[in-house]
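What follows is a single structure, written as structure tokens, with notes after it.
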Amino acid sequence: MSFFNIKPNSTRLLEKQALIHLDYKITYEALPHESLKKMSPFINNRTKELYTLARTYPQHAISPLLDMIQKYPSVPVFYNYLRIAYEITGQVKKADVLLEEIYQKFPDYLFAKTNYAFRCLRNGRYAKIPEIFANKLDLKLLYPDRIVFHLSEFTAFTSVMALYYHINGERNNALIHYHRLKQWAPNHDLTKVVQSLLLPTLLQRLLDRLGWAIYKKFSKMEMNMKQGMDVLEKTEAANAHFSKTF
């Protein structure tokens, strides 16, 4: 499937949807997970510190996060921060094992769903996406009792949906989700990733078309160069033999 097949009518659809109405609100303020609401202010502050530590000095966050998981095994946030720390420090296998554990242990935790979905998309298991979200491919349908979502929850879920629809060939739905990202999180890394796939630049499209031709040309040049080097090596060997003989 080509990522660069942009149809004019799809672009017009994007332009018409200048403002997309959402059935919920998005907040940029801290939004503690339900499992943390009954915790003391000290634990909540410590949670914020551990999040920052996992992002900035992940190696130093691993041990205290393991301690928090042991003390508070029903709080999915600590598992997720530990997974982040593992990923940043290059402990990919541990991160994958932990992701599986989070998804199985906390099936209603949104980041468990979205992170697991991202992994399925990377591994080509596209058919798993509807199953992960119980065929409720809308945040409000997935969590009908919630009226506010944090920006990070919104971007994670919406990016998954945009990529899923794009891979599934449902371009209009993919564009709708991309436009939501563009409207609410224009500078977010996930928005940029989705944009690079759905709306590639002219240069990217040209490189996509020319890439194979350029590759073949350079492969031929490389082969000719290798043949030339082989001839040169044989010549040098012959010269060396000649100088030793005489």
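Residue-wise test of (1) under 20 Å from Pro186 (Cβ atoms); (2) basic (Lys, Arg); (3) assigned by TED's automatic domain parsing to the domain that holds Lys182.
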site: Tyr126; (1), (2), (3): no, no, yes
site: Ala134; (1), (2), (3): no, no, yes
site: Leu137; (1), (2), (3): no, no, yes
site: Lys140; (1), (2), (3): no, yes, yes
site: Asp145; (1), (2), (3): no, no, yes
site: Phe149; (1), (2), (3): yes, no, yes
site: Phe154; (1), (2), (3): yes, no, yes
site: Met161; (1), (2), (3): yes, no, yes
- With (1) closer than 27 Å to Tyr126 by Cα; (2) at pLDDT 95 or above; (3) assigned to a helix (DSSP H, G or I) as the list, and Phe78 as the residue in question, which single condition is left unmet? (1)
- Message: Considering only the range 103-114, I want to know if a residue exists there that is out of contact with any His (no Cβ under 6 Å at 6 or more places or on another chain) and more than 30 Å from Ser74 (Cβ to Cβ).
- Response: no
- the range 131-160, residues that are of a type in the set (A, V, I, L, M) and under 12 Å from the mean Cα position of the chain (by Cα): Ala156, Val160
- Are any of the residues in the range 130-145 of a type in the set (Lys, Arg), part of a loop (DSSP other than H, G, I, E, B) and either farther than 19 Å from Ala174 by Cβ or without any contact (Cβ under 8 Å) to a residue 24 or more places away in the chain (or both)? yes
- Task: Taking the residues in the range 55-86 that are among the charged types (D, E, K, R) and free of Cβ contacts under 8 Å to residues at least 24 places away in the same chain as candidates, determine which candidate is nearest to Lys37 (Cα to Cα).
- Result: Lys71
- Query: Could you count how many residues in the range 19-67 are in a loop (DSSP other than H, G, I, E, B) and either out of contact with any Lys or Arg (no Cβ under 7 Å at 6 or more places or on another chain) or loosely packed, with under 12 Cβ neighbours inside 10 Å (or both)?
  - Reply: 15
- Task: With respect to Ile43, determine if the residue is closer than 29 Å to Leu142 by Cα, of a type in the set (A, V, I, L, M, F, W, C) and either free of Cβ contacts under 8 Å to residues at least 12 places away in the same chain or in contact with a strand residue (DSSP E or B) (Cβ under 8 Å, 6 or more places away or on another chain) (or both).
- Result: no
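The values are calculated or read from the model by the stated rules, or taken from the named source; none is laboratory data. Computed from a prediction, not measured in an experiment: that's the story for all the values here. Cβ atoms come from the backbone with ideal geometry, glycine included; neighbour counts cover every protein chain shown.
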